[in-house]
Amino acid sequence: MEKDTLDPWGTSSVKDYARLQSEFGIEPIAPLIPRFKNPSPHISRGIDFGQRDLAKVLDAVDNHKPFAVMSGIKPDGVFHLGNKMTADDMVYFQSLSKEATVYYAVADVEAYADNGLSYEESSKMAVRNVADILALGLDPDRAVVYKQSEEMRVMRMSTIFSRGVTNNMLKAIYGERQIGLYMSALIQAGDILMPQLAEFGGPKPVLVPVGADQDPHIRLSRDLAARYRPDFGFIPPSAVYHRLELSLTGGQKMSKRIPESGFTLDDSPTEASRRVRVAFTGGRDTVEEQRRLGGRPDICPIFDLYRFHFARDDEHVDRVHQECEKGIRLCGECKDEVIGLVKGFLTEHHKKRESMMGDAKELLVKSRKYLSSAGNQ
Ligand code: SF4
């Protein structure tokens, strides 16, 4: 059987999530679900499938202890559905406790290494990206946003970490890559471990919500946390993993590099609808076959749109799945329904985001002041 591959900078393919767990040591999330009073749609719909050390974060929630939620974005374009997935997780885990602080890195160093994007271009995109997350529900009062290139602690940590890793270790995790990407991986480890520095309250659980393809970064950060524990007291960071959403063109994963594979939160409702209209489905060749054999929701990106983002509730997801499998639902009407939901969401999101642009700038300024008062120089 073809091996699943996890490449945070390229094409990842995951066909068998159970196998991924045994191969890379990701633990299932299911045993921990009873600990959530109100599981998020990602948890209740099986989208968040795996975790590492999530119990440490849930212990902090139960005991009203501080913890951090850490994430970031490579500002090489507008928010797409994959970014929304991570943002939804950040917002949810932040909402679990007043003691949760979100740290959000604008990965401009990585955007330069991977996409050749200048820091100035990254800067412009950052405000818009932050406004997207605020529109999705992030509480700005418990959030710190920074640019990697300006956060000297992160850069210093990456230099320290570079003495503790060899080329072979990085090659084993990421394969043969250009040095710039190895460097950006070390910087990202700095991002993930920064909330545990003394000036931010010292060692604490840090949760990183990621797509399955980002696991190499989590493994590297956990290795480094263990290696540098004697110096910094680091606790290995926790992670929660979500499934990769099927591409509208029929591939295994949506990708920013292939616009038709999904849509962005910047697309007009009309453009997003067009992409959904021409998307691949798990339907049969004829109406007669679909009625007789049923559709295949588990290979259908339209079903993923319902399940991952736009279904009204879990019962709606189950209904679409059952009606599809039983041949009650045909693909044309199924697309019509989800298009209505997509249009409604985008129209609302665009309004909210425009109203949040000022708040986004304010959050960046407030964060910079906070970070400099904590000794960023
Ligand atoms: S009916 Fe809907 S979920 Fe089923 S295959 Fe067609 S588009 Fe996909």
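With respect to Val342, determine if the residue is touching a Ser or Thr at 6+ places or on another chain (Cβ under 8 Å), under 30 Å from Pro297 (Cβ atoms) and of a type in the set (A, V, I, L, M, F, W, C). In short, yes.
Restricted to region 139-170, and to residues there that are under 24 Å from the mean Cα position of the chain (by Cα) and of a type in the set (Lys, Arg), the residue that is farthest from Pro216 (Cα to Cα) is Arg142. When you look at Lys343, is it in a helix (DSSP H, G or I), without any contact (Cβ under 8 Å) to a residue 60 or more places away in the chain and surrounded by fewer than 20 Cβ atoms within 10 Å (Cβ to Cβ), yes or no? In short, no. Select from region 147-176 the residues that are closer than 30 Å to Ser40 by Cβ and modelled with pLDDT of 90 or more and list them in ascending order. Within region 147-176, just Val154 meets the criteria. Taking the numbered list (1) in a helix (DSSP H, G or I); (2) more than 23 Å from the chain's Cα centre (by Cα); (3) buried (at least 18 other Cβ atoms within 10 Å of the Cβ) in turn, Tyr370 passes all entries but (3).
Which ones in region 112-145 are modelled with pLDDT of 90 or more and either in contact with a Leu (Cβ under 9 Å, 6 or more places away or on another chain) or hydrophobic (A, V, I, L, M, F, W, C) (or both)? Answer for region 112-145, where residues must be modelled with pLDDT of 90 or more and either in contact with a Leu (Cβ under 9 Å, 6 or more places away or on another chain) or hydrophobic (A, V, I, L, M, F, W, C) (or both): Val130, Ala131, Asp132, Ile133, Leu134, Ala135, Leu136, Leu138, Pro140, Ala143, Val144, Val145.
Checked across region 268-278, the condition of being within 12 Å of the ligand (Cβ to nearest atom), surrounded by fewer than 16 Cβ atoms within 10 Å (Cβ to Cβ) and not β-branched (Val, Ile, Thr) holds for at least one residue.
Does any residue of region 243-264 turn out to be at pLDDT 95 or above and among the aliphatic types (A, V, I, L, M)? Taking every residue of region 243-264 in turn, none turns out to be at pLDDT 95 or above and among the aliphatic types (A, V, I, L, M). Give the residue, chosen from Val165, Val145, Val102, Val130, that is within 30 Å of Ala60 (Cβ to Cβ), surrounded by fewer than 19 Cβ atoms within 10 Å (Cβ to Cβ) and in contact with a Phe, Trp or Tyr (Cβ under 9 Å, 6 or more places away or on another chain). From the options Val165, Val145, Val102, Val130, the qualifying one is Val165. In the set Glu354, Glu333, Glu323, only one residue is surrounded by fewer than 13 Cβ atoms within 10 Å (Cβ to Cβ) and within 11 Å of the ligand (Cβ to nearest atom); that residue is Glu333. Take region 40-50 and flag every residue that is closer than 17 Å to Leu96 by Cα and in contact with a strand residue (DSSP E or B) (Cβ under 9 Å, 6 or more places away or on another chain). The answer is Ser40, His42, Ile43, Asp48.
Restricted to region 175-249, the set of helices (runs of 4 or more DSSP H) holding at least 1 residues that are under 21 Å from Thr86 (Cβ atoms) comprises 179-193, 215-227.
Taken over region 282-319, residues that are within 26 Å of His349 (Cα to Cα), near the ligand (Cβ under 10 Å from one of its atoms) and assigned to a loop (DSSP other than H, G, I, E, B) amount to 1.
Could you please find all residues in region 287-315 being under 9 Å from Leu246 (Cβ atoms) and surrounded by fewer than 18 Cβ atoms within 10 Å (Cβ to Cβ)? Ile299, the sole residue that qualifies. Of all residues in region 259-274, exactly one satisfies the criterion of being within 20 Å of the chain's Cα centre (by Cα) and under 9 Å from Val342 (Cβ atoms), namely Phe263.
The values are calculated or read from the model by the stated rules, or taken from the named source; none is laboratory data. Just so it is clear, the structure is predicted and the values come from calculations on it, not from any experiment. Don't worry about glycine lacking a Cβ; one is built from the backbone with ideal geometry, like all the others, and counts go over all protein chains shown.
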